[in-house]
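The values are calculated or read from the model by the stated rules, or taken from the named source; none is laboratory data. Predicted model, so just to flag it, every value in this text is computed and none were measured. All Cβ positions, glycine included, derive from the backbone under ideal geometry; neighbour counts span all protein chains shown. Accessible surface is based on the protein model in full, side chains and every heavy atom, while ligands, DNA and RNA are left aside. Shrake-Rupley method; radii C 1.70, N 1.55, O 1.52, S 1.80 Å.
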Amino acid sequence: MDVPAKYNPAEVEDKWYQYWLKNRFFHSEPNDRPSYCIVIPPPNVTGVLHMGHMLNNTIQDVLVRRARMQGYNACWVPGTDHASIATEAKVVERLRAQGIEKKSISRDEFLKYAWEWKEEHGGIILKQLEKLGASCDWDRATFTMDPKYSESVIRVFVDLYKKDLIYRGVRMVNWDPKAKTAISDEEVIYKEVQSKLYYLRYMIEGEDSYVVIATTRPETILGDTAVCVNPSDPRYQHLKGKRVLVPLINRPVPVIMDDYVDMEFGTGVLKITPAHDVNDYVLGDKYNLPTIDIFNDDGTLNEDAQLYVGMDRFAVRKQIEHDLQNAGLLDKVEDYINKVGFSERTDVAIEPKLSMQWFIKMKELSEPALEAVMEDDVLLFPPKFKNTYRHWMENIKDWCISRQLWWGHRIPAWYMLDGEFVVAENEHDALHLAREKSGLSDLQLSDLRQDEDCLDTWFSSWLWPISVFDPELPGSEEAEPNDDFSYYYPTTDLVTAPEILFFWVARMIIAGYEWAGGYPFRNVYLTGIVRDKQGRKMSKSLGNSPDPIKLMEQYSADGVRMGMLLSSPAGNDILFDESLCEQGRNFNNKIWNAFRLVKSWTVDKEKEQPLYAEQAVEWFNTKLNKTIEELNDDFEKYRLSEALMRVYKLFWDEFSSWYLELVKPPYGEAVDSKTYLATLILFDELLRLLHPFMPFITEEIWHYLVERKENESIMVSRMPRAEEYDEAVLTNGERMKELITGIRNIRKERNIPQKDTLELFINGEHPAEIDSMVAKLANLEKITPSEEKPANASSFLIGTIEYHIPLGDMLNVEEELKKLSEELKYLQGFLVSVRKKLSNEKFLSGAPEHVVAVERQKQADAESKIKTLEERIAELGNL
């Protein structure tokens, strides 16, 4: 087959992806082989590929392709998440553009629009993953609102309710005014914000005096129902039993005494707003204070505020400062930096709000999941996240699972006319339970009203590793695990981001122990956050997030995969630099050109294999086996970035720069068939090592190497295994490269053309096995062991062995002396530092024995080299 002059990824990538799909290489069914399984972190159904997805899915594909080539029955389950908040926001935005407000249409009408949106946009991100080369089992693609999956979500809610682990009640929640829904504590991101501290005057009722109270949120004074001081604070003993007037509205509120108040903060007096502050809510409950909720769901003020009705909370903050100043009730304003909670989804400041919501009791439920990670049943990579996980799990709070949304799994609770409710999997069961509970046998479905709220999206995705295989299992007392679940669960690896360690990973482990009998995955690989090279998080607003599809068009999918992986050590943030993708593309070209070189050779079947080629094949085979051994260790420790760099260097530095140069036939000559076949075999093994990282180019070249059958593919060939090797061959190989480099340096310094042959004299214990390779690449006509130093020679040391190249009239004594003197000066300085370390008693007594031995060897080698250099300098000085 003719090999094209240039590699064309645009043609190759689509061709091979379709070939893989056609031959169903990605598909997995239970069989008698050991399984390897990954479930994809399901991206938002309406999302598009971003750099975080690129990193995460490249890592998953590397792991699953490698496992497949190791003989595992590999299964990578794809899918999408319905993403309640994000998707509903998109649909509301589209309706608004059409002149339709959500509140003007029914729930069913809204859901019709939402499903249309899902069908229109839902498959985009999965198609984009195909461009990346993702080897997902697309037959298993799951959506978290598929009918069977939805049934498992509802069944789990009912199961937890029956176990008295779900309850409904009025609690202080995190309210997102933009999404108009409650969100969990884990969905609140705290940021440092440049705020102001407002010092307000609260007049004492019936007196011409006041107390000053500091607050960062003056708009909330309209909901104040008390002020509080520490009973031990001598400054405020006179306030005991008195009332003060809320500024502007003059509502009299009591002064309460509680040691909760920090006398050092602000003025030592707190305003108490039970409806809009978590700590105030606790005090309000303790002292039976009324609660006045002054906010509408969208963050505007309602009638209970009395003033500024209908205005946005932040607009009120500006206006009330002006009005308090005019009323003489603003003492002063100071700049102040404080932490403010923002919604992780909409990035608006959350509002603490009293609200009727549904909650899960998490303390008891989470205990097995905490133990699983602490006892290393589930391993986190890197392990530094173990302490973070423990801290969160030991301080876990009840989980608010209700969301004031229409898109999602509707809470399966039905209310009767008297306000009582029942929880059931469906309307039929709900009616039956309602009749039992009420004693009204003639109760009809029309007499019941289903809860309007939806479940938190994480409430469905915590079942992901279970329900993608067996949606009948979670929450069921009767269901037996099906074949898929029994074979693939628990899965092997999970690759995800540290920021959802609690949102998702911890909850999946909790769900696994509750409904599947054990942990859902053995290993969790936590990636870092993708940042630009300035360290900024990538975002649309900063304009620093490149389009992954355009990157792949420019640099190839393999090039971008390589760029992502080279910059991504586990758990550390990724400083993405587009030049790494360019490096990936250049590596593509390097592989292609190396292959074209080999394929360009003429083969002579009668020619005997030269000794240098035989030795080169042995050396590179040994190097390959050692690298495979190191790669296995890298993968066991999830050091994927290091693994890729190891294969990259093996191909670029060792195979291309050294091996191919060693075995390449002289110009105009043919290569012997033994060397040629060995080179093709080595190339094949290198391609298989590279395939998980760079699937497209490796498949293309693999089919050019030899003639393949229709259904063959590198992706289902076997990964090379490490065989026993001789370390001495590697040591000699390094000596060979050092020696050739030393001779090349002499040629360069003396402007001696490569075509001119040289002689080499050696004084010391030199490995003669490398001589034929050295002679080939250094163009030597003779290599002679000799204790005598030839006249007019340029010399260098490797270890303690002296190498001499006779130069005759070409030797410039002055330049040679300068070079040797510089080397001597360096070695003398090095020897001083080694002796200093060895004269340190603390080092000698504290360092391991082998470390001290290494330093002593350094000293001996340096002393030997210095002696040789001094002798050589003395000889040249006598010329």
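Below is a table of values for the structure above.
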| item | result |
| --- | --- |
| Helices (runs of 4 or more DSSP H) fully within the stretch 777-879 counting 1 or more residues that are at pLDDT below 85 | 813-838, 849-877 |
| Some residue of the stretch 110-133 being open to solvent by less than 10 Å² (accessible area, probe 1.4 Å) and over 33 Å from the mean Cα position of the chain (by Cα) | yes |
| Every pair of residues 6+ apart whose Cβ atoms lie under 6 Å, when the first sits in the stretch 616-638 and is at pLDDT 95 or above while the second is open to solvent by less than 50 Å² (accessible area, probe 1.4 Å) and not in a helix (DSSP H, G or I) | 625/722; 628/720; 628/722; 629/722 |
| Selection count where residues are in contact (Cβ under 8 Å) with a residue 60 or more places away in the chain, among the small types (Gly, Ala, Ser) and either open to solvent by 60 Å² or more (accessible area, probe 1.4 Å) or in contact with a helix residue (DSSP H, G or I) (Cβ under 6 Å, 6 or more places away or on another chain) (or both), scope the stretch 396-450 | 2 |
| Residue match in the stretch 141-161 (condition: of a type in the set (D, E, K, R), over 20 Å from the mean Cα position of the chain (by Cα) and within 26 Å of residue 18 (Cβ to Cβ)) | no |
| Candidate set from the stretch 303-313 (those that are in contact with an Asp or Glu (Cβ under 8 Å, 6 or more places away or on another chain) and part of a helix (DSSP H, G or I)); member that is least open to solvent (accessible area, probe 1.4 Å) | 313 |
| Options 727, 769, 765: the member that is open to solvent by 60 Å² or more (accessible area, probe 1.4 Å) and closer than 17 Å to residue 624 by Cα | 727 |
| Within the stretch 471-516, tally of residues that are in contact with a strand residue (DSSP E or B) (Cβ under 9 Å, 6 or more places away or on another chain) and among the aromatic types (Phe, Trp, Tyr) | 4 |
| Those residues of the stretch 333-362 which are modelled with pLDDT of 95 or more and basic (Lys, Arg), in sequence order | 361 |
| Matching residues in the stretch 178-196 - criterion: being open to solvent by 10 Å² or more (accessible area, probe 1.4 Å) and under 22 Å from residue 294 (Cβ atoms) | 178, 179, 180, 188, 193, 195, 196 |
| Pick from the stretch 639-653, criterion over 17 Å from residue 564 (Cα atoms) and in contact (Cβ under 8 Å) with a residue 60 or more places away in the chain, ranking: surrounded by the fewest Cβ atoms within 10 Å (Cβ to Cβ) | 652 |
| Only one of 77, 48, 64 that is closer than 21 Å to residue 142 by Cβ, surrounded by fewer than 24 Cβ atoms within 10 Å (Cβ to Cβ) and touching a residue at least 40 places away in the same chain (Cβ under 8 Å) | 48 |
| Unique match (being more than 53 Å from the chain's Cα centre (by Cα), of a type in the set (Asp, Glu) and closer than 30 Å to residue 667 by Cα) among 816, 781, 788 | 781 |
| Any pair with Cβ under 9 angstrom, 6 or more apart, that starts in the stretch 654-677 at a residue that is more than 21 Å from residue 734 (Cβ to Cβ) and ends at one that is open to solvent by less than 10 Å² (accessible area, probe 1.4 Å) and among the charged types (D, E, K, R) | 665/672 |
| Residue in the stretch 467-482 that is open to solvent by 20 Å² or more (accessible area, probe 1.4 Å) and assigned to a helix (DSSP H, G or I) present | no |
| Scan of the stretch 433-466 for residues that are assigned to a helix (DSSP H, G or I) and under 36 Å from the mean Cα position of the chain (by Cα), ordered by number | 457, 458, 459, 460, 461, 464, 465, 466 |
| Criterion violated by residue 256 - all others in (1) in contact (Cβ under 8 Å) with a residue 12 or more places away in the chain; (2) more than 22 Å from residue 171 (Cα to Cα); (3) surrounded by fewer than 19 Cβ atoms within 10 Å (Cβ to Cβ) satisfied | (3) |
| Qualifying strands (runs of 3 or more DSSP E) (wholly inside the stretch 487-595; at least 2 residues being more than 16 Å from the chain's Cα centre (by Cα) and more than 17 Å from residue 645 (Cβ to Cβ)) | 491-496, 521-526 |
| Sole exception among (1) within 29 Å of the chain's Cα centre (by Cα); (2) in contact (Cβ under 8 Å) with a residue 12 or more places away in the chain; (3) farther than 21 Å from residue 563 by Cβ for residue 10, by number | (3) |
| Residue in the stretch 86-96 that is surrounded by 24 or more Cβ atoms within 10 Å (Cβ to Cβ), under 27 Å from the mean Cα position of the chain (by Cα) and either modelled with pLDDT of 95 or more or within 30 Å of residue 492 (Cβ to Cβ) (or both) present | no |
| Options 525, 513, 519; residue that is farther than 11 Å from residue 369 by Cβ and of a type outside the set (A, V, I, L, M) | 525 |
| Residue satisfying condition, being in contact (Cβ under 8 Å) with a residue 60 or more places away in the chain and more than 15 Å from residue 410 (Cα to Cα), within set 127, 118 | 118 |
| Odd one out for residue 778, checked against (1) within 20 Å of residue 659 (Cα to Cα); (2) open to solvent by 40 Å² or more (accessible area, probe 1.4 Å); (3) among the small types (Gly, Ala, Ser) | (2) |
| Test for residue 291: is it open to solvent by 70 Å² or more (accessible area, probe 1.4 Å), among the β-branched types (Val, Ile, Thr) and assigned to a loop (DSSP other than H, G, I, E, B) | yes |
| Candidates 630, 661, filtered to the one that is part of a helix (DSSP H, G or I) and closer than 25 Å to residue 572 by Cβ | 630 |
| Subset tally (residues that are part of a loop (DSSP other than H, G, I, E, B) and touching a residue at least 24 places away in the same chain (Cβ under 8 Å)) for the stretch 596-615 | 7 |
| Filter result (under 26 Å from residue 587 (Cβ atoms) and open to solvent by less than 20 Å² (accessible area, probe 1.4 Å)) within the stretch 17-37 | 17, 20, 26 |
| Every pair of residues 6+ apart whose Cβ atoms lie under 9 Å, when the first sits in the stretch 235-247 and is under 13 Å from residue 206 (Cα atoms) while the second is among the aromatic types (Phe, Trp, Tyr) | 244/202; 244/210; 245/202; 245/210 |
| Total residues in the stretch 531-562, condition of a type in the set (A, V, I, L, M, F, W, C), surrounded by 13 or more Cβ atoms within 10 Å (Cβ to Cβ) and more than 24 Å from residue 696 (Cα to Cα) | 1 |
